Amino acid sequence: MQSTAGRRAMHINLFLFACGHHRAAWRHPYSSVGRLGDIAYYEQLARTAERGKLDAVFFADGQSADNLADGPKWFLEPLTTIAALSRATERIGFISTVSSTFYTPFHAARMLASLDHLSGGRIGWNVVTSMFDSEARNHGYEAMPDHDWRYRRAEEFVNVVLDLWDSWTDEALLRDRRGRYADPDKVHAIQHQGEHFLVHGPLTVPRPPQGHPVMFQAGASGQGRDLAARYAEAIYAVAYDLPSAQAYYRDIKRRVREAGRQDPVPIMPGLVTYVASTAAEARRKQRELDELLPSEDALRQLGLYVGQDCMGWELDAPVPDLPALEDFTGPKGRYATVLRIIETEQPTVRQLLGRLAAGGGHCTMVGTPDEIADEMERWFLNEGADGFNLMPPALPDSLDDFVDSVIPILQSRGLFRREYEAHSLRGHLGLRRPASA
């Protein structure tokens, strides 16, 4: 993205998750836990993000209800929620996670194209391969299919969705009341038959305003990075510190170049912020949430990240030895972050749980507005990030703190927009609109 002064500027998305990304945020006396089914709550948050001129609001998604006593994860379905939020805002974009493992391409293409029309071109999709057996059992599988199968399906899924959006040309709609609504020569079947999908087409929805809603991806494994390098238009990343962020950033940019692409493909690591007028007050906010986290819940969450039962681990002892990254069969991005924290900080189990309590190993910045802005600028100027996926630990307070105190500093330094300069999500991200096929 270029600012009005022509300088490269950050991209910042807001990642909305329940009461906040801290696992204990819902337990706080002033939490928003009673509002998770109220669309006005999400409208308030989206309008705050739009007031801060953020690029987009992002929703993750899950396909199972596990460990409900531990706190809220999923409540409203995100695509439905985005339909409402697009009517409560004017310029900010919206991104939803879409599972290539469980959706069909026609269903996904139709919903996302509809949302792009409803919002006037402000929609993105975060393509994921789902990973948990509990999700698989809600969609006709006894267990999750293997990693290679899921990635082959994901690549075919993406290609079919893009073909469906291009099954209408930009000029197909005539709206000629004398008898021709659309030009049949400019609407065509895609006649796809592959390993996973049989889709004849065309789509029932005319080509979206953006041509294609913006495709985000978060690739951590080798296959995931290759897929992201070939298709993603923006990338979410997990980075614990600047060196790990730089390693990922440089690897992805290299893969994009080797794929023959000229697109900017902004990379946006997750960012958890505790902001206050003094560093001590910011640390108090962090500690206040950490102290609300029951150790059993935290150990159970850690078990998901490391793929083993941690419930018997001694809290004040060093973290037990874990398998090497290349031997780990689960999601590698988060696991690599856990290994890096252990290697760098050599924490006790209790200290590791506190480190993972908000954001699960994403970068955490604690301090004054100037200190947070300084560190964001350091990542931005040193090949660590093209921007950030903001993960407020507690909502709405952590979002208000960031928008009201950090954004003005970034703006004053010429690192972030003061006003929107585009109306579409593609425009916010500096991406070209794909030509009609």
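The values are calculated or read from the model by the stated rules, or taken from the named source; none is laboratory data. Note that this is a predicted model, so its numbers are computed, not measured. For neighbour counting, all protein chains shown are included, and Cβ atoms are generated from backbone atoms with ideal geometry for every residue, glycine included. For the accessible areas, the whole protein counts, side chains as well, though only heavy atoms, and no ligand, DNA or RNA atoms are used. Shrake-Rupley method; radii C 1.70, N 1.55, O 1.52, S 1.80 Å.
Would you tell me the accessible area of ASP163, worked out with a 1.4 angstrom probe on the heavy atoms of the protein chains, in Å² to the nearest 10?
Answer for ASP163: close to 70 Å² accessible.
Under the 0.36 nm per residue contour assumption, what length would be gained going from the current alpha-carbon distance of TRP149 and ALA65 to full extension?
On the way: separation 84, 0.36 × 84 = 30.24 nm, distance 2.43 nm.
Stretched fully, the TRP149-ALA65 segment lengthens by 27.8 nm.
Given Cα pairs under 8 Å that are at least 6 residues apart, what percent is the relative contact order of the range 97-142?
Relative contact order, the range 97-142: 50 percent.
Heavy atoms only, probe 1.4 Å: what % of the accessible area of the chain goes to carbon and sulfur, would you let me know? Intermediate values should be presented prior to the final figure.
Details: 9190 of 18950 Å².
That share works out to 48 percent.
Report the local net charge at TYR249: Lys and Arg +1, Asp and Glu -1, summed over other residues whose C-beta lies under 12 Å from its C-beta.
+2
Report the local net charge at ALA172: Lys and Arg +1, Asp and Glu -1, summed over other residues whose C-beta lies under 13 Å from its C-beta.
Value of the local net charge: -2.
At what distance in nm do the modelled label points of GLU90 and SER221 sit from each other, each positioned 7 Å from its Cα along Cα→Cβ?
Each label point is offset 7 Å from its Cα along the Cβ direction, giving 4.5 nm.
Would you mind checking the range 341-380 for residues with the amide N under 16 Å from a putative spin-label position 7 Å along Cα→C-beta of ASP321?
343, by backbone N distance to the label point.
Pick from THR329, THR89, THR104: which is most flexible by mean-square fluctuation in a GNM of the chain where alpha carbon atoms under 10 Å apart are linked?
Its mean-square fluctuation being the largest, the pick is THR329.
If you rank ARG432, ARG350 by how much accessible surface each has, with a 1.4 Å probe, what is the order from largest down?
ARG432, ARG350
Counting only C-alpha contacts under 8 Å and six or more residues apart, can you give the relative contact order of the range 1-117 as a whole percent?
After rounding, I find 27 percent.
Per residue, how much accessible area does the range 332-428 have with a 1.4 Å probe, in Å²?
Here the residues of the range 332-428 average 35 Å² of exposed surface.
Can you give the accessible area per residue of the range 131-272, in Å², using a 1.4 Å probe?
I get 47 Å² per residue for the range 131-272.
With springs only between Cα atoms under 10 Å, which of ARG35, ARG178, ARG255 fluctuates most in a Gaussian network model of the chain?
Looking only at ARG35, ARG178, ARG255, the largest GNM fluctuation is found for ARG178.
What is the chain's relative contact order, in percent, from Cα pairs under 8 angstrom and six or more apart in sequence?
Averaging sequence separation for qualifying contacts and normalising by length gives 24 percent for the chain.
Could you state how much accessible area LEU242 has, in square angstrom rounded to the nearest 10, with a 1.4 Å probe and all protein chains kept in place?
Near enough 20 Å² of accessible area.
Of LYS53/LYS73; LYS73/LYS285; LYS73/LYS253; LYS53/LYS253; LYS186/LYS253, which sit over 31 Å apart, Cα to Cα?
LYS73/LYS253; LYS186/LYS253
What net charge do the residues around ARG432 carry, taking every other residue with its C-beta under 13 Å from that of ARG432, with Lys and Arg at +1 and Asp and Glu at -1?
Net local charge, ARG432 excluded: +1.
What residues qualify as long-range amide H neighbours of LEU315, i.e. H under 5 Å apart, gap of 5 or more or another chain, H built at 1.01 Å from N?
none
What residue among PRO243, THR278, VAL98 has its Cα farthest toward the positive end of the dipole of the chain, where the charges are +1 on Lys, Arg and -1 on Asp, Glu, each on the Cβ?
VAL98
Can you list the HN-Hα couplings for the range 57-63, worked out from phi with the Karplus curve (6.51, -1.76, 1.60; θ = phi - 60°), rounded to whole Hz and with x for Gly and Pro?
10, 10, 10, 7, 7, x, 10
Could you work out how far the C-alpha centroid of the range 1-72 sits from that of the range 97-132, in angstrom?
Value for the Cα centre distance between the two parts: 19 Å.
Leaving ligands, DNA and RNA out of it, work out the accessible area of GLU375 with a 1.4 Å probe and give it in Å² to the nearest 10.
60
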